[in-house]
Structure formats: structure tokens, C-alpha cells
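Beneath this line is the structure, given in C-alpha cells, with notes to follow.
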Amino acid sequence: EHKYRKYISNHEAETTEAIPVGFAGECFAFFTPTRKLITVTDIIVNGARRIAIKTASDLNVGDFIVLRETQRDLIRDIADLILTASGKEQCRQKASKWKDALIIGTAFCEFDDLYDSLRSAGCTKDIITVKRWMNDEDAIIPQDKSDLIAIAIAVDDSRLLDEIDEIYEAGRTVKSAHIKAGRVISEKLRRCIADELYIQKRIDPYTICDPITFSIDDVGKVNVLKIIDINKEPVIIETGNANKLIREVNLWQE
């Protein structure tokens with residue numbers, strides 16, 4: 001609390017729980033525990049070819065993560081470019097209809113009652129999975145089409161039921177675009193890091209002391225950051241300070 005006191009909630013603004021993470025180069029971030037982050041540790045340390053995805057709660061000291069200068073989701077943005085290029089930009093909105101129906105359903109009844117209705121309609125997923133569907137931005141479509149049917153029945157949405165096949169296929173298309181986006185980002189980052197090693201020879205995973213900044217086509221400016229400090233116990237901060245890179249000289253000397 002002493003180290004991050006400037007960012008701890010004053011109880012007047014909207015608040016959220018977040019994990020403080022410090023990086024080499026006098027910068028840091030507060031990540032919500034379920035925030036998914038691109039890690040390139042294996043690319044830098046082992047010369048691997050693929051990125052990995054970790055939630056903030058699974059990060060460790062020594063990991064390398066990638067953050068954009070903006071707060072926008074890198075994989076989602078690249079996936080949207082892929083969808084647009086193939087003339088399928090409408091798929092994301094179509095694929096979200098089932099989740100919208102669930103969220104609207106909770107406005108008219110308690111979540112436990114909605115879950116009971118889902119079970120009665122044939123949904124076999126546990127309550128934790130259903131909550132994840134509603135709260136996780138990366139939950140694009142349930143794996144089983146039968147769960148979509150159960151949702152439509154539980155919320156009594158005949159239009160949703162009529163569109164189940166279209167919604168399911170749209171969701172599969174969006175998921176495929178996300179997988180392709182991960183591959184595109186992996187290759188772009190691998191090439192950039194390889195070029196940096198060859199030209200400047202300044203990436204030493206054990207002695208790095210500053211962020212590594214790249215500008216990548218179709219992505220923009222990104223920072224590769226080495227984690228040097230992490231507190232797995234979340235602190236309460238103002239929501240506006242979550243999930244973004246913060247630079248402040250002498251933070252660690254306060």
C-alpha cells in the first residue's frame with residue numbers, strides 16, 4: 001500500500017481489484033486478475049516461434065509481456081482486421097447475441113434463478129462456466145451448440161432460437177480469426193525481436209534494464225516488458241488506473 005499509495009482508491013471513484021506488476025525501466029501496471037496478456041518469454045529466452053497467453057494472476061518475475069501504447073486488445077484488433085479483409089466483419093456482432101441475451105436475462109431475475117432455468121433447459125455446464133461466459137470478453141461462443149439452445153429457451157427468446165445456427169457459425173468464424181491473429185502477432189514479434197538481436201544485440205533476458213519498443217505493421221507501437229516485481233495479492237485501485245502502462249520516475253524509491 002505504501003508503494004502504490006498514489007493509486008489506491010479514495011473511496012469516491014469506481015474501484016477494482018488489481019495485481020501490481022513492476023517492470024524493468026521504472027514503469028509498472030495494475031492488472032485485473034483475469035486480464036489476459038501476451039507473453040514472449042519463450043521467444044526471447046529460447047528462440048521459440050509462438051506467443052503464449054497468461055492471465056495476470058499467472059504471471060511471474062522474469063516473464064516478458066507485450067503491451068501496446070493504447071489499452072485496446074491487440075489480438076482482438078488484429079482479428080477484426082482479418083474478419084474485415086474476408087468480408088465477415090459483421091460476425092462479431094452476430095456472435096455476441098447469445099451473451100447479450102444472458103446479460104439482459106440477469107436484469108429481470110437473480111443469477112441463481114437464471115442458472116436454474118438454464119439447467120432446466122438442458123445446459124450441463126457448471127455455474128462457474130456460466131459466470132465466465134458472461135464476464136470474460138474472450139468467451140466468444142460456447143463449445144456446444146446445445147448450450148446456445150438452452151440459453152434461448154431459458155431467457156424465452158424466440159428470435160435467438162431461430163438464429164442459433166447463424167450465431168454459432170459466426171462465433172466459430174470469430175474464434176478462428178483470433179487463432180490466426182495470434183499466429184500473425186507471433187510471427188511479427190519473433191521477426192522484430194530477431195532483428196533487434198541481430199542489429200543491436202541488446203536483448204539479454206538476464207540483464208535487460210529498459211522496455212524494448214517496436215513499431216509493428218498493422219499493430220502500432222508495442223512495448224516488450226520484463227517483470228521484475230509482482231504482488232500476487234490484489235490491491236484496490238481506481239478503475240481508470242487498471243490494465244495500462246504507467247511510467248513514473250522514482251516510484252520504487254517512495
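The values are calculated or read from the model by the stated rules, or taken from the named source; none is laboratory data. Everything numeric in this text was worked out from a predicted model, so none of it was measured. When we count neighbours, we look across all protein chains shown, and the Cβ atoms used for this are built from the backbone with ideal geometry, even at glycine. Ligands, DNA and RNA are stripped out before the accessible areas are found, and what is left, the full protein with its side chains, is counted by its heavy atoms. Shrake-Rupley method; radii C 1.70, N 1.55, O 1.52, S 1.80 Å.
Worth pointing out:
- Per-selection Rg to Rh, region 50-119 - Cα, Kirkwood hydrodynamic radius: 1.12
- Distance-filtered residues of region 118-152 - backbone nitrogen under 15 Å, label point 7 angstrom along Phe108 Cα→Cβ: 118, 151-152
- Accessible area of region 1-130 belonging to carbon and sulfur atoms, whole % at 1.4 Å probe: 49 percent
- Exposure ranking of Lys6, Lys97, Lys221 by accessible area [1.4 Å probe, largest first]: Lys6, Lys221, Lys97
- Between region 120-155 and region 27-79, the alpha-carbon center distance in angstrom: 27 Å
- Heavy-atom accessible area with a 1.4 Å probe sorts Thr239, Thr84, largest first, into Thr84, Thr239.
- Here Lys88 sits with roughly 90 square angstrom of accessible surface, probe radius 1.4 Å.
- log₁₀ of I(q)/I(0) at q = 0.21 Å⁻¹ - region 1-133, Debye sum with one point per alpha carbon: -1.23
- Region 60-174: Lys pairs at Cα distance under 17 angstrom, eight or more positions apart or on different chains: 8
- Within the chain: Cβ-based charge dipole about Cα centre, in debye rounded to nearest 20 (Lys, Arg +1; Asp, Glu -1): 1040 debye
- Per residue accessible area of the chain, 1.4 Å probe, in Å²: 55 Å²
- Exposure of Asp73 as accessible area (Å², to 10), given a probe of 1.4 Å and all protein chains: 60 Å²
- Taking Arg35, Arg119 and ordering them by how much accessible surface each has at a 1.4 Å probe, largest first, produces Arg119, Arg35.
- Within the chain, the ratio Rg/Rh, alpha carbon atoms throughout and Rh by Kirkwood, equals 1.02.
- Projected-area mean, region 98-204, by convex hull of Cα positions, square nanometres: 9.0 nm²
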